[in-house]
Each structure stands twice: as structure tokens, then as C-alpha cells.
Amino acid sequence: MIPYCNIHTHHFTPHEDNTLSIRNYLVGVDPKELLFADHLYSAGIHPWYIADPEKQYRELEQLVQEKNVLAVGEAGLDKLSAVPGNIQEQVFIKQAILAQEIHKPLLIHCVKSWELLLRIRKEVHPTVPWIIHGFRGNEILAGQLIQAGFLLSFGLHFNPQSLQVAWPDALFTETDDSEVSIKEVYTRIAVSLSLSLPEFSDRIYTNVTQAFSPGFEK
């Protein structure tokens, strides 16, 4: 049976519910006791929680070497953050370069900073997947981002037209900090796309295994 794939969550998901989840570890916020060997993670410096960039980056460099840390992030740019924009940009670029060096995807948090994000991508020229988590933008923005090489991850709240733009190759699924199950996210998105749940599940599993291979396995 193909498992449900949740590429970004802040909660632990029981193994028995047929779900493969990547739990986000916030460097400088979460205690290291959360890093269990039998769970999958992303690790990153969130733009809200940049306090000591050099110290946080050193910790991140060590964390991402672990086999069960499948991605860097969530890294990002957020104009609503109290952290100065130039500091956010510096920290984001360092994480983007790190993801490139270790050949792992970059999970991105972006709020009101799309032009800057697009510019940075052109400067970095990444070959690893750059996935924007929790995407809620319209279909025009979705198209611009996908054309530029980004992938989009959707949660419970989404723009239906953007799903159409991202389907099938650029679409991922997540629950973020919601307590909702990933199965409910799957069901709502599949209905919006007029797809059967098995058809949708099969494609998402393909996308995830391609982006995060070899970390995601049945």
C-alpha cells in the first residue's frame, strides 16, 4: 500500500498510520532531544528565529549530515519577521548553498518576498529541489515559480487553480503545524483535482521519492 507522504510537519506522526513524514526541526528553538533516530527530519534556521546566525549555522551543518535529516529548511524570507531583511537574506543564502553542497532539497518559507526569492535562485543556480512549503498563492504566482524551477507544497488551505498549475510534477503535500491528518489533505486536494485518491497518492509518492531519494522508502 502506497503511504501518505507529509513533507513538512511540526508534529510526530505514529508509524502505524501508513504515513511517511518529515518533521521540521527549528535550529535554535527545538531541543536536540527531539531528534529520534527512527524519524525523518528537515533542519533549518527559520527567518523568525534567527538569534545567533553563526552558532545556529554551525549546528545546522552538523545536523544535515545525519542520514535521517532529508532536507535543509525550513529556510526563508519573511517581511513580517522582526529579523532585519539583510540578515534573513544572508542566512537564507548560506542554507541554500549548504543544501547544494550536501545534495539535499531546500524547504522554503516565503512571505511577501517573492521577487527577492526569485532573484536569489537565479544567483545560486541550484540543482537540488527548492520546495516552497505551505503555498497558498494564486495561479499566476504558481506559474511564475514553477517556470523558474520551484516546486510547491500544499496543505489544507490552497488555491484550487494553483493546484492545477502544479499538477502533476511540481505538487507536494504537507500538514505544517496543523493537527489535521495528511489523509485529509490528500482527500481535499484529490477532490479539487477531480482525481481518485489512489491516483493522487501514487503520483505524490513518485514526486516525493524523486525529490528526497533515497530517504523516503515504502
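The values are calculated or read from the model by the stated rules, or taken from the named source; none is laboratory data. Just so it is clear, the structure is predicted and the values come from calculations on it, not from any experiment. With ideal geometry, Cβ positions are generated from the backbone for all residues, glycine too; neighbour counts draw on all protein chains shown. With ligands, DNA and RNA removed, areas are computed over all heavy atoms of the protein, side chains included. Shrake-Rupley method; radii C 1.70, N 1.55, O 1.52, S 1.80 Å.
For segment 78-183, calculate the relative contact order in percent as a whole number, restricting contacts to Cα pairs under 8 Å that are 6 or more residues apart.
On the way: 132 pairs, mean separation 21.3, N = 106.
Normalised by residue count, the contact order of segment 78-183 is 20 percent.
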Given +1 on the Cβ of Lys and Arg, -1 on the Cβ of Asp and Glu, and no further charges, what dipole in debye does segment 45-101 carry about its Cα centre, rounded to the nearest 20?
40
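Expressed as a whole percentage, what fraction of the accessible surface of segment 26-161 belongs to carbon and sulfur atoms when a 1.4 Å probe is rolled over the protein heavy atoms?
Details: 3620 of 6620 Å².
That share works out to 55 percent.
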Please go through the residue pairs LYS32/LYS67; LYS32/LYS104; LYS112/LYS183; LYS94/LYS122; LYS32/LYS55; LYS67/LYS94 and name each one whose alpha carbons sit more than 23 Å apart in this structure.
LYS112/LYS183
Among LEU60, LEU80, LEU163: highest mean-square fluctuation, GNM of the chain, C-alpha pairs under 10 Å:
LEU80
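Rounded, prolate or oblate for segment 70-141? Axes are the square roots of the Cα gyration tensor eigenvalues, ordered a ≥ b ≥ c, and the cut-off for rounded is a/c under 1.5. Display every interim value, and only then the final one.
Working: a/c = 1.60, a/b = 1.21, b/c = 1.31.
Since a/c reaches 1.5 but b/c is at least a/b, the shape of segment 70-141 is classed as oblate.
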Quote the relative contact order of segment 1-127 in percent (integer), defining contacts as alpha-carbon pairs under 8 Å separated by 6+ residues.
19
Which one of HIS125, GLN62, LEU35 is farthest out on the positive end of the charge dipole of the chain, using unit charges on Cβ (Lys, Arg +1; Asp, Glu -1) and the Cα centre as origin?
HIS125
Please list, or write none, the aspartates and glutamates whose alpha carbon is within less than 13 Å of the alpha carbon of LYS79, excluding same-chain residues fewer than 8 places away.
GLU89, GLU115
Taking springs between alpha-carbon atoms closer than 10 angstrom, which of THR175, THR206, THR19 fluctuates most in the Gaussian network model of the chain?
THR206
Rounded, prolate or oblate, given the Cα gyration tensor of the chain, with a/c below 1.5 counting as rounded?
oblate
For segment 148-201 and segment 109-126, what is the separation of their C-alpha centers, rounded to whole Å?
22
Residues whose placed amide H lies under 5 Å from that of HIS46, excluding near-sequence neighbours
VAL27
Accessible surface, per residue, of the chain when the full set of protein chains is kept, probe 1.4 Å, Å²
47
Taking the Cα centre of segment 105-218 as origin, sum charge times position over the Cβ atoms of Lys and Arg (+1) and Asp and Glu (-1), and report the length of that vector in debye to the nearest 20.
260
Pick from GLU89, GLU115, GLU179: which residue has the top mean-square fluctuation in a GNM of the chain where Cα pairs under 10 Å get a spring?
GLU115
